[in-house]
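The values are calculated or read from the model by the stated rules, or taken from the named source; none is laboratory data. Since the structure is predicted, the reported quantities are computational estimates derived from the model, not experimental observations. Using ideal geometry, Cβ is built from the backbone for each residue, glycine included, and neighbour counts are taken over all protein chains shown. The protein model used for the area step is the full one, side chains on, heavy atoms only, and it has no ligands, DNA or RNA in it. Shrake-Rupley method; radii C 1.70, N 1.55, O 1.52, S 1.80 Å.
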Amino acid sequence: MTSLLRKLLLPLGALLVLLLLIYWMAGGFRDQVVPGLGRAAPAAAGDALPVRAETEPAFEAVPASVEARETTVVASRLLARITELPVRAGDYVEAGQLLVRLEQADLEARARQAQETVRSVSARLKEARQNLARAEELHGRQLIADADLDAARANAASLEAQLAAARQAAEEAETALSYSRITSPLAGRIVDRFAEPGDTVQPGQKILSLYNPFSLRVEARVREGLALALTPGEELAVAVPAVNKAFTARIEEIVPAADPASRTFEVKATLTAQNGLLPGMYARLRVPAGERERLLVPADRVRRVGQLDVLWVAGENGVERRFVRLGPPRDDGHVEVLAGAAAGEQVLPPPGQG
């Protein structure tokens, strides 16, 4: 019997020790403090300030993108091998600067051959005109027949046509030769290059892309309720989080057709300042959205308790502690109350203040 009692008491004792240890770790042997703020004497009613209601312009932040108004893709017009490609992504180029040089040996040969053909036909035409002049003189003296004169005239006319065709072929060869030297159509910055020296490119194959860094604008899809109130020339604020800067944009264009899927209009606004911006950056366009009422209290009447904001409000049953939700701080020393207080309620200084 004693052995059985010992076997029962041993696990019960271990369990009791475990419970006491848990109780001690939970602070059961220490004096407890009621969670919250310690009580303090409430401020006098004369120190109360009302929750102020103000009507201010409202804005809606619309997702936007920084884009370049002047952008182009440089492509080949020939089937040829790239022999020179002196620019890379990020380089700045001037209008007319050499971007790509293609293999041109065969093109130069064709151009020289066309020029030689022009000279050959010109020489033959010169001779034919001289023969025509002599034939007309002899015909006037009735020394040759009409058929001989007509043959001389036909020969000269034929060579004139051949010369015109040869000159056109020479111009075509020179034009094709010029395609082997690709220059920049605008002053701008190289975005990317899609080929390397030694590659053979096809007609229409893109080689480089570039944009004008001074032609940046923001493009946004604005819901129809706001877009219809906008007008070209109106200035809007633009925030670009990547550079942590705010810019001003002037509305350049409002596409006069809504997207039937999203019921939005595309708005394009030119940026007046563009330092540090690149195409494709995320931006937020602040679009006017009428007016809204804001509830404001002095920022020094709010106390932060952990992750919560607290106000002391003079109510019918005395001072009430209110947990409120606040907006971002303002420059005038006030803060907006989003929830937890109503206009006109009297706000007291926090306990221990005032």
Go through (1) part of a loop (DSSP other than H, G, I, E, B); (2) closer than 30 Å to residue 230 by Cβ for residue 251 and report which single condition fails. (1)
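Residue-wise test of (1) within 24 Å of residue 86 (Cβ to Cβ); (2) within 20 Å of the chain's Cα centre (by Cα).
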site	(1), (2)
186	yes, yes
196	yes, no
200	yes, no
211	yes, yes
220	no, yes
223	no, yes
226	no, no
Hits in the stretch 97-152 (condition: outside any helix (DSSP H, G or I) and modelled with pLDDT under 90): 104, 141, 142, 143, 144, 145
Here the qualifying pairs (Cβ atoms under 8 Å; residues six or more apart or on different chains; first in the stretch 170-189 and in a helix (DSSP H, G or I); second polar (S, T, N, Q) and buried (at least 18 other Cβ atoms within 10 Å of the Cβ)) come out as 170/117; 177/104
Looking at the stretch 273-282, is at least one residue open to solvent by 40 Å² or more (accessible area, probe 1.4 Å), over 15 Å from the mean Cα position of the chain (by Cα) and in contact (Cβ under 8 Å) with a residue 12 or more places away in the chain? no
Restricting to the stretch 190-224, name every residue that is farther than 21 Å from residue 103 by Cα, outside any helix (DSSP H, G or I) and open to solvent by 60 Å² or more (accessible area, probe 1.4 Å). 191, 192, 214, 221, 223
Please state which of the following conditions residue 24 fails to meet, knowing it meets all the rest: (1) surrounded by 10 or more Cβ atoms within 10 Å (Cβ to Cβ); (2) modelled with pLDDT under 75; (3) outside any helix (DSSP H, G or I). (3)
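When you scan the stretch 292-351 for strands (runs of 3 or more DSSP E) that lie fully inside it, which ones turn up with 2 or more residues that are more than 25 Å from residue 60 (Cβ to Cβ) and open to solvent by less than 20 Å² (accessible area, probe 1.4 Å)?
Details: elements: 303-305, 308-315, 318-329, 334-339, 346-348.
In the stretch 292-351, 308-315, 346-348 are the strands (runs of 3 or more DSSP E) which contain 2 or more residues that are more than 25 Å from residue 60 (Cβ to Cβ) and open to solvent by less than 20 Å² (accessible area, probe 1.4 Å).
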Given the conditions (1) open to solvent by less than 70 Å² (accessible area, probe 1.4 Å); (2) in a loop (DSSP other than H, G, I, E, B); (3) within 30 Å of residue 87 (Cα to Cα), every one holds for residue 242 apart from (1)
Quick one: is residue 328 free of Cβ contacts under 8 Å to residues at least 12 places away in the same chain and either touching an Asp or Glu at 6+ places or on another chain (Cβ under 6 Å) or closer than 30 Å to residue 65 by Cα (or both)? yes
Filter the stretch 74-96 down to the residues that are assigned to a loop (DSSP other than H, G, I, E, B) and charged (D, E, K, R), then identify the one that is nearest to residue 206 (Cα to Cα). 77
Say whether the condition of being assigned to a loop (DSSP other than H, G, I, E, B), open to solvent by 40 Å² or more (accessible area, probe 1.4 Å) and under 30 Å from residue 326 (Cβ atoms) is met by at least one residue in the stretch 258-272. no
